[in-house]
Amino acid sequence: MLANTTYHEKASLQLLNQLQVNVLTPVDATARTTLVLDGSYQAYAFFTARAAMRHMMNGRAHGIDASGNTIPWDGREEDDGYSWAKNTIELFDNHPCLRSAPDRITGAEKQWAIPTIVVCTTHFGHTVRRGQQTSLRSLYSIYKGTCQYCLKKIPFCVATKDHVHPKSKGGTNDGFNLVLACRDCNAAKDNIFPYFDINGKEVVPKNRIQIGVQIPEDMGIREEWKPYLYLQ
């Protein structure tokens, strides 16, 4: 019975592999497609499609599929049939992929699904430790020297860190609660919450999480990322 189950599972995976091509979305190799988790499954960076594939292939990262399985590039030791190299994994909606140049004879292209979430198997890169404060210089860079209340460009000498959710009302010093403000706007806001900018829009910090990941403005947030970014 076990042998038959294994056979049917592998047959299903082969069928899945044939269907994957229809749901893959080709992306540029330089597109940032992948959320990077450390060994404790805490988010700390993003990879481009090219970097995600490279780290997967050399074993420095394993991909998480739509069923929550953490799978190496060439599959797991128990040989359960799941493999990123063979596209025998369960995909998310609009799953990104890289594709090869067309075959000179047949014109056919190969496609490789790029994991949208990877877990590092070794330490590399820089992480911001939980509880580490966000510097004024960092905020000035993130907000490009623009006060988030009057929306004017301001010199660094009048820039301040402002707690969107006031400390007097339980707000924290974490990056996800801080915005850049000029001295006058900071004083005018006082402990008011919520607070609105000069255009009447509620001011919220840019997408930063407590362990220091900054989500680029030009990136949409994929649904599968939200649990790791504390957004749901």
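Just so you know, all these numbers are worked out from the coordinates, no wet-lab data involved. All values reported here derive from a predicted model rather than from experimental measurement. With ideal geometry, Cβ positions are generated from the backbone for all residues, glycine too; neighbour counts draw on all protein chains shown.
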Simple spin-label estimate for T25/D74, 7 Å along Cα→Cβ, in nm, reads 3.2
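Around P166, what is the net charge, scoring Lys/Arg as +1 and Asp/Glu as -1 over all other residues with Cβ under 10 Å from its Cβ? The partial results should precede the final answer.
On the way: positive: K167, K169, K189; negative: D162, D190.
Charge balance in the 10 Å sphere: +1.
Which entries in K169/K201; K189/K226; K153/K201 show an alpha-carbon gap greater than 28 Å? Walk me through the numbers on the way to the answer.
Numbers: K169/K201 21 Å; K189/K226 30 Å; K153/K201 18 Å.
Going by Cα-Cα distance, K189/K226 fall outside the 28 Å limit.
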Checking rank on 164-170, 43-49, with mean other Cβ inside 10 Å and highest first, the result is 43-49, 164-170
Computed from the beta carbon distance with a Förster radius of 22 Å, FRET efficiency for A101 and I221 to the nearest 0.05 stands at 0.10
Taking a straight Cα-to-Cα line shorter than 20 Å from K110, and setting aside same-chain aspartates and glutamates fewer than 8 residues away, one finds D28, D65, D74, E90, D93
HN-Hα couplings for segment 201-206 via Karplus (6.51, -1.76, 1.60; θ = phi - 60°), in whole Hz with x for Gly/Pro, come out as 9, 4, 7, 10, x, 4
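Once fully extended, how much extra length lies between Y41 and L136, figured as 0.36 nm per residue of separation less the alpha-carbon to alpha-carbon distance? Write out the running numbers ahead of the final one.
Numbers: separation 95, 0.36 × 95 = 34.20 nm, distance 2.83 nm.
Answer, rounded to one decimal: 31.4 nm.
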